[in-house]
Structure formats: structure tokens, C-alpha cells
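K.L.:
Before I ask anything, let me first share the structure, which is written out below as C-alpha cells.
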Amino acid sequence: MKEFETIKQRFLESLSACKSDAEIADLKAEYLGKTGVLTALMQQMKDLPADEKPKHGAAVNAIKVFIEDEIIRFKEKKYQERLTEKLASEKLDITLPGNQQTPGVRHLLNQIVEEIEDLFVGLGYQVKEGPEIETDENNFEKLNLPADHPARDMQDSFYIDPHTLLRTHTSPVQVRTMIEKGGLEPVKIICPGKVYRRDDDDATHSHQFMQIEGLVVDQNTSMADLKGTLLKMAQAMFGEDRTIRLRPSYFPFTEPSVEVDVSCYQCEGKGCSLCKQTGYIEILGAGMVHPNVLKMSGYDPDKYQGFAFGIGVERIAMLRHGIEDIRHFYTNDHRFLKQFKR
Ligand code: PHE
């Protein structure tokens, strides 16, 4: 019996030193395997007197059960230890504050484009866009600006090759639309988009800026329609009480052509520094579509007339928000941009 106790103690010591399942399996084989310790004990039985045999057999069996139970307990204990360790190392602190995701703001220029689009869609216009890389033909020729026309200097351009350039205005989209309609259907569109001119960038000039041009072509279109439309737009942009003033001007693609001023929203027309004491602020160019332009895009100028206008989006934004430098729109300083939450 003493020997049995020693075997148990030795086994328990070896078990507690085991570091892996493989070591436990080896230990188990050492005691319970075919050539193991318990088999040897069983073999001693044949040398014992008959009356001691049952006791001996039962004791060996008891050790076997003991060893099996201890192995299961030990494995369970090790598993719990590993689990506790793992839980501690992977602890998630749900009380930590999350990363703040500050929502972005629509760029002020896009806000204004959308506002103008909404207004004109409400008046039955379609929004049309076109490519920023254009043919000389669409950008100039078909707008009554042949190659040697001095007015081309008004729009110093970035040429890619002799026939291709970065569009200097969104008027080529109007040309494309008229040609698409084949000179047969009325046109009522606005064309927002980026345009490019060779300018030295400073507070009021940028080699890239945004424009919205509008075009209406139909069989009964007059200067009065143009004026009414522009008044609506000026009031939507600068307040219900605004009036507009048209001054004669020149554009190769319109005849007659006008510059359009809006009554000053700061001094109500009395004269202030914003309107340079004139009571009016220039906001856009417009006119009746030149018969040559209609003809070149397939419309019969004896039947169809049209009006067109072009607005600089930056200019509207600068006026409305008192922004003194056009470069703010493109340098992407968040402190500037996020002021304009709608
Ligand atoms: N296309 C002109 C420009 O970019 C603007 C304009 C459009 C003027 C339509 C008159 C009529 O300068």
C-alpha cells in the first residue's frame, strides 16, 4: 500500500510539471500504457498469495481511475488558466471615447451650383454637362469666334494641340446640345462646370473657375424673357427686393449683348464701398443668341431666337459671403471650407 502511495505522489509531481498536452500524453503512457507502471504492478499479482490478489487488483484499478481523473482535472485547470490569460490580454475597454468623425461640408461652390440648378429646374430647364477638354470648333468656331477673331484674346486658352483645348467657358455644352437637337426642338438648359483660362492667379483671378451658363432657344424668345429670367435669378441669389440693370456690352456669340448688374444688397442701392458708390454690382454677361451661332448649330435664325447668360460661381460666392480672395476656394483649408454649413 505504501508503494501505491509513492506512485501516486510521483505521478502528481510529474503531472504538475507538465507544460503541454504532449507532455501529459507522454506521462499518461508512462503510467497507463502497455509497458507502463500500472501494467508492471498488475504483473506482480501472479507472485502474490491468492487471498491478497483481489485487494491488489482493486488497488491498482483505483490508481488507474485516480490517474485518469487527475489528468482530466489538470487539463481543465490548464484550459481555464489559458482562457483567463487570454481574456485579460484581449480586454476591450468600452469606456474609451471613440474616434470623432467630423462630417464634411459640401464645398461652397457646389452649394451655389446646386442652388442655381434647383432654381432653374423649377423653371423647366434641364441641367447639361460636357467635357472639360473641348475642340476648338465647339469652344470658339461655332460660337462665332473664327481663328483670327480678336475676341479670342479675351479668353486666353490652354491648348493641348492646335485643335483641342481646356474649355474656356461652358458655352460649348450649349453648342453640343443644339447640334444634338438637330435644329428642330426648343432648348432650355443650364450648363454648370469647370472652365480654364490662362490667367496669373491673384486675389480675383484664377486659371480655373466655375461657371453656369444658361441657354434658351425657341420660336418666341425675346429680350424680355431674358430680363425676367435674370431678375428671378438675381432675387433668388441676393434677396427678394433686388432689381437689375442691363448695360450694353459685347460678346461674339450674342447680339445684342449686355452686362447685368444687381442693385446693391448692402446699401439697398444708396451707394457704399461694396458697390463702389454706384448702387449696383456687376454679376453676369448675357444676350440674345447671335444668328450665326444658331445657324452653325442647325437652327434657322428666321424661325428661332434664343437668349444666353453666363455666371461666374466664385464671383457669386465672394459677393454673398464677403470672401476677398478667390484662391480660398482651391487651397482647401478646412477652416475656410467648414464655415459654409448649409
Ligand atoms: N461665355 C461667356 C464667357 O464665358 C459668358 C456669356 C454666356 C456671355 C452667354 C453672354 C452670354 O465669358
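K.L.:
Filter the range 177-197 down to the residues that are within 14 Å of the ligand (Cβ to nearest atom) and of a type outside the set (V, I, T) and list them by number. Before the answer, list the steps.
P.N.:
In the first step, residues of the range 177-197 are kept if they are within 14 Å of the ligand (Cβ to nearest atom); the result is 177-178, 187, 189-197.
If the condition is that a residue be within 14 Å of the ligand (Cβ to nearest atom) and of a type outside the set (V, I, T), then M178, C191, P192, G193, K194, Y196, R197 are the ones that fit.
K.L.:
A further question on this structure: Starting from residues that are part of a strand (DSSP E or B) and touching a residue at least 12 places away in the same chain (Cβ under 8 Å), keep the ones in the range 160-177 and report whichever is farthest from K128 (Cα to Cα).
P.N.:
Once the filter is applied, the top-ranked residue is I160.
K.L.:
Let me ask you something else. Could you check, for the range 130-146, whether at least one of its residues is more than 14 Å from the ligand (Cβ to nearest atom), in the same structural domain as V187 (by TED's automatic domain parsing), within 21 Å of S206 (Cα to Cα) and in a helix (DSSP H, G or I)?
P.N.:
No, every residue in the range 130-146 fails to be more than 14 Å from the ligand (Cβ to nearest atom), in the same structural domain as V187 (by TED's automatic domain parsing), within 21 Å of S206 (Cα to Cα) and in a helix (DSSP H, G or I).
K.L.:
Could I ask something else about it? Restricting to the range 178-214, and then to whatever is part of a loop (DSSP other than H, G, I, E, B) and hydrophobic (A, V, I, L, M, F, W, C), can you tell me which residue is surrounded by the fewest Cβ atoms within 10 Å (Cβ to Cβ)? Talk me through it step by step, then tell me what you get.
P.N.:
Applying the first criterion (part of a loop (DSSP other than H, G, I, E, B)) to the range 178-214 yields 182-186, 197-207.
Subset that is hydrophobic (A, V, I, L, M, F, W, C): 184, 203.
Working: L184: 9, A203: 12.
Top of the filtered list is L184.
Here is a yes/no grid of residues against (1) of a type in the set (D, E); (2) in contact with a Gly (Cβ under 8 Å, 6 or more places away or on another chain); (3) in contact (Cβ under 8 Å) with a residue 24 or more places away in the chain:
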residue	(1), (2), (3)
L32	no, no, yes
A40	no, no, no
D47	yes, no, no
K78	no, no, no
L87	no, no, no
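K.L.:
Still on this structure, I have one more. Quick check: anything in the range 266-276 in contact with a helix residue (DSSP H, G or I) (Cβ under 7 Å, 6 or more places away or on another chain) and surrounded by 14 or more Cβ atoms within 10 Å (Cβ to Cβ)? Explain how you work it out, then say what you get.
P.N.:
The initial filter retains those residues of the range 266-276 that are in contact with a helix residue (DSSP H, G or I) (Cβ under 7 Å, 6 or more places away or on another chain), namely none.
Among the residues of the range 266-276, not one is in contact with a helix residue (DSSP H, G or I) (Cβ under 7 Å, 6 or more places away or on another chain) and surrounded by 14 or more Cβ atoms within 10 Å (Cβ to Cβ), which makes the answer no.
K.L.:
OK, next. From the residues in the range 248-270 that are assigned to a loop (DSSP other than H, G, I, E, B) and over 18 Å from G322 (Cβ atoms), which one is farthest from the ligand (Cβ to nearest atom)?
P.N.:
Taking the candidates together, the pick is K270.
K.L.:
In the range 147-158, which residue that is under 19 Å from S206 (Cβ atoms) and either surrounded by fewer than 13 Cβ atoms within 10 Å (Cβ to Cβ) or more than 16 Å from the ligand (Cβ to nearest atom) (or both) is modelled with the highest pLDDT?
P.N.:
Across the range 147-158, the extreme among qualifying residues is D156.
K.L.:
Filter the range 159-176 for residues that are in contact with a strand residue (DSSP E or B) (Cβ under 8 Å, 6 or more places away or on another chain) and within 12 Å of the ligand (Cβ to nearest atom) and give the result.
P.N.:
Residues of the range 159-176 in contact with a strand residue (DSSP E or B) (Cβ under 8 Å, 6 or more places away or on another chain): 159-160, 163-174.
Selection gives R167, T168, H169, T170, S171, P172, V173, Q174.
The values are calculated or read from the model by the stated rules, or taken from the named source; none is laboratory data. Please read these numbers as outputs of a predicted model, since none were measured by experiment. Cβ: placed from backbone, ideal geometry, glycine included. Neighbour counts: every protein chain shown.
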